[in-house]
1. Using alpha-carbon pairs under 8 Å, 6+ residues apart, how would you state the relative contact order of the range 152-272 in percent?
2. Aspartates and glutamates near Lys100 by alpha-carbon distance under 17 Å, same-chain residues fewer than 8 away left out - which ones?
3. If r is the Cβ-Cβ distance from Asn174 to Ser112 and R0 is 25 Å, what FRET efficiency results, to the nearest 0.05?
4. How many nm is it between the label spots at Lys273 and Ser189, if each spot is 7 Å from the Cα in line with the beta carbon?
5. Between Ser90 and Tyr231, with labels modelled 7 Å along Cα→Cβ, what's the label distance in nm to one decimal, could you check?
6. In whole angstrom, note down how far apart the Cα centers of the range 201-273 and the range 79-106 are.
7. Given a Förster radius of 45 Å and the C-beta distance between Thr139 and Ala261 as r, what FRET efficiency does 1/(1 + (r/R0)^6) yield to the nearest 0.05?
8. Compute the relative contact order of the chain as a whole-number percentage, counting only Cα pairs closer than 8 Å that sit 6 or more residues apart in sequence.
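Here, each number is a calculation from the coordinates, and none is a lab measurement. Everything numeric here is computed off the predicted structure, so don't read it as measured data. Note that each Cβ is placed from the backbone with ideal geometry, even for glycine, and that neighbours are counted across all protein chains shown.
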Amino acid sequence: MRTNRFIALFAITASLLGACRRDVGSNTITTEPTVHFTNATSGNFFIQNSPNSTFKIPIGITTPRSQDTKVTINVTSPTGATAGTHYNLSSTTFVIPAGKAVDSLTVQGLFSGYVGERRDTLVFNIIGGDANVADYNNTYRLVMQKYCNVALSAFTGTYTAQDYNATTNQPDGNPYTVTLTPGTTTGNSGTVQVSGLWGVPNQFTATLNWANPAGFSTNIADQNWFMHATYGQVRIKADGNGTFSSCDNRLTIRYEAYVSAGSFGKYYTTLRK
């Protein structure tokens, strides 16, 4: 029984010595400095049309050192982002200056590389350097997409529309034109008047919301649309949120048209300049 206790004690002692160092002549046990990403392990980078559009990722060391600490970073992208096309990184060797506990790795976003709704993920892994890698916060995921400030006045004029059946996601009819007229802006939302949907001259109001930079949305409040010769008053309402882009000046609206006798169906329509 006593022998088993000695074996257990030896195993515990060995594991502690593997992670810590006891100073000679002292009762203090000190751990070796380790490097890791600080504060968070993920972030969102909204790339603006500027060479100064950058994102900083903090990297820290548990105990500042008297000399510079080199940290080796490996970068991959499960979405296929490539350096020089979608982002720039000066080096995969990062340096925490002597005496500092935290410094930042800078990623430059390349606006021209983001066409349409492209969104990428970069995965940063700390893989080595002059200090040990912490067994926590050693991976950072950065989601990147382009961003343009919203000017409601830009959403005006003639757009090419294509209707889709919301159930089958198949086109419904051929492309045609509609007209948008900007309305009012309140905070991070605004309205546009849409006329010509389904070839109907009557207009209705759609709301654009840009409070969330990762997801600009459109919505249609329940409202009168036009009068049908057989079924009477036709109303239109949202079938969930659509989307819009202030960079490409395009929108998707999702809606249902209905009368008191029933529904004409659920659709979504893309609008492009």
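1. 21 percent
2. Glu32, Asp68, Asp130
3. The calculated FRET efficiency here is 0.15.
4. 2.4 nm
5. With each label placed 7 Å out from Cα toward Cβ, I get 6.3 nm.
6. Using only Cα atoms, the two centres lie 43 Å from each other.
7. 0.20
8. 14 percent
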